[in-house]
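Participant: Okay, handing you the structure first.
The values are calculated or read from the model by the stated rules, or taken from the named source; none is laboratory data. Note that this is a predicted model, so its numbers are computed, not measured. Cβ coordinates were reconstructed from backbone atoms using ideal geometry, including for glycine residues, and neighbour counts include every protein chain displayed.
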Ligand code: 13P
């Protein structure tokens, strides 16, 4: 079973819509058809940029895919400041990051909310990129697998195997995000393999073979190739380094 890798740029709260357009255009000059046939590439701008980026992608028929950084789980209603999944689907968003550790830690997102968001994103024909990962304290006290697999189970319980097959899980150790410290390729492989085994236990061998598992946390052009050589690492969720189109294009090209 060969899984097409997915390399995603999570811009977080960076780049206004003018800067976003420039970034996407520059990236589009740097990436080739061969890159896109080897790897799926998604960009995840802030909400206020999405319409502008979508217009550029559609008008120039770019092969990169549009993503969002989160959404609410309800379809509509009195949820001031929130964005419904259907609004994103209307803008041709394909991937939605769910349960990023910054959302969990800074904005109180719980496993229960992550679970509802995964369901809502799937119900709107988009693909969740569900983030899981341990803190430094959890790693140092030997709780990495326990924590990560509990997050996997909580987010996916109740889904159908065929829904899980087409999903993406991003393993992002919290201590590696924005710190310049990344998990070694072997450590990333060990946790990604454990995640795949858990998916297999919950949803069967086919779902385990098909689900894509990304690594995220200080991924750079210099580290991506080793990570992508690992059998259970199917891509990367890139933060800081995705803001520089030259660096992000190198990551795509070295990671494919
Ligand atoms: P950095 O690549 O900046 O460490 O961020 C990783 C991340 O959180 C991507 O979602």
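Participant: Considering 83, 21, 57, which residue is modelled with pLDDT of 95 or more, in contact with a helix residue (DSSP H, G or I) (Cβ under 9 Å, 6 or more places away or on another chain), closer than 22 Å to residue 129 by Cα and not in a loop (DSSP other than H, G, I, E, B)?
Facilitator: 57
Participant: Let me ask something else about it. Does the range 206-216 hold any residues that are within 14 Å of the ligand (Cβ to nearest atom) and in contact (Cβ under 8 Å) with a residue 60 or more places away in the chain, and which are they?
Facilitator: Within the range 206-216, 214, 216 meet the criteria.
Okay, residues lined up against (1) without any contact (Cβ under 8 Å) to a residue 60 or more places away in the chain; (2) surrounded by fewer than 23 Cβ atoms within 10 Å (Cβ to Cβ); (3) part of a helix (DSSP H, G or I):
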{"residue": "43", "(1), (2), (3)": "no, no, no"}
{"residue": "48", "(1), (2), (3)": "yes, yes, yes"}
{"residue": "92", "(1), (2), (3)": "yes, yes, no"}
{"residue": "129", "(1), (2), (3)": "no, no, no"}
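Participant: Moving to a separate point now. Between 123, 185, 209, which is out of contact with any strand residue (DSSP E or B) (no Cβ under 6 Å at 6 or more places or on another chain), surrounded by fewer than 19 Cβ atoms within 10 Å (Cβ to Cβ) and closer than 29 Å to residue 247 by Cα?
Facilitator: So the residue among 123, 185, 209 that is out of contact with any strand residue (DSSP E or B) (no Cβ under 6 Å at 6 or more places or on another chain), surrounded by fewer than 19 Cβ atoms within 10 Å (Cβ to Cβ) and closer than 29 Å to residue 247 by Cα is 185.
Participant: Can I ask one more? Considering each residue of the range 225-256, count those that are crowded, with 21+ Cβ neighbours inside 10 Å, touching a helix residue (DSSP H, G or I) at 6+ places or on another chain (Cβ under 7 Å) and over 24 Å from residue 22 (Cα atoms), and give that number.
Facilitator: Looking only at that region, the number is 3.
Participant: Now for a different question. Report yes if residue 114 is within 16 Å of the ligand (Cβ to nearest atom) and part of a helix (DSSP H, G or I), otherwise no.
Facilitator: Judged against the criteria, residue 114 is a match.
Participant: Given (1) out of contact with any strand residue (DSSP E or B) (no Cβ under 6 Å at 6 or more places or on another chain); (2) surrounded by 15 or more Cβ atoms within 10 Å (Cβ to Cβ); (3) assigned to a helix (DSSP H, G or I), identify the lone condition not met by residue 63.
Facilitator: (3)
Participant: Follow-up. Of all the residues that make up the range 4-22, how many are surrounded by 14 or more Cβ atoms within 10 Å (Cβ to Cβ) and within 19 Å of the chain's Cα centre (by Cα)?
Facilitator: 11
Participant: From the list 254, 237, which residue is closer than 18 Å to residue 102 by Cα, within 16 Å of the ligand (Cβ to nearest atom) and either touching a strand residue (DSSP E or B) at 6+ places or on another chain (Cβ under 7 Å) or without any contact (Cβ under 8 Å) to a residue 60 or more places away in the chain (or both)?
Facilitator: 237
Participant: When you scan the range 156-164, do you find a residue that is touching a helix residue (DSSP H, G or I) at 6+ places or on another chain (Cβ under 6 Å), within 16 Å of the ligand (Cβ to nearest atom), part of a helix (DSSP H, G or I) and closer than 24 Å to residue 72 by Cα, even just one?
Facilitator: no
Participant: So, one more: In the range 172-190, which residues are within 11 Å of the ligand (Cβ to nearest atom), touching a helix residue (DSSP H, G or I) at 6+ places or on another chain (Cβ under 8 Å) and not in a loop (DSSP other than H, G, I, E, B)?
Facilitator: Of everything in the range 172-190, those that are within 11 Å of the ligand (Cβ to nearest atom), touching a helix residue (DSSP H, G or I) at 6+ places or on another chain (Cβ under 8 Å) and not in a loop (DSSP other than H, G, I, E, B) turn out to be 174, 175.
Participant: Scan 219, 224 and give me the residue that is modelled with pLDDT of 95 or more, within 16 Å of the ligand (Cβ to nearest atom) and assigned to a loop (DSSP other than H, G, I, E, B).
Facilitator: From the options 219, 224, the qualifying one is 219.
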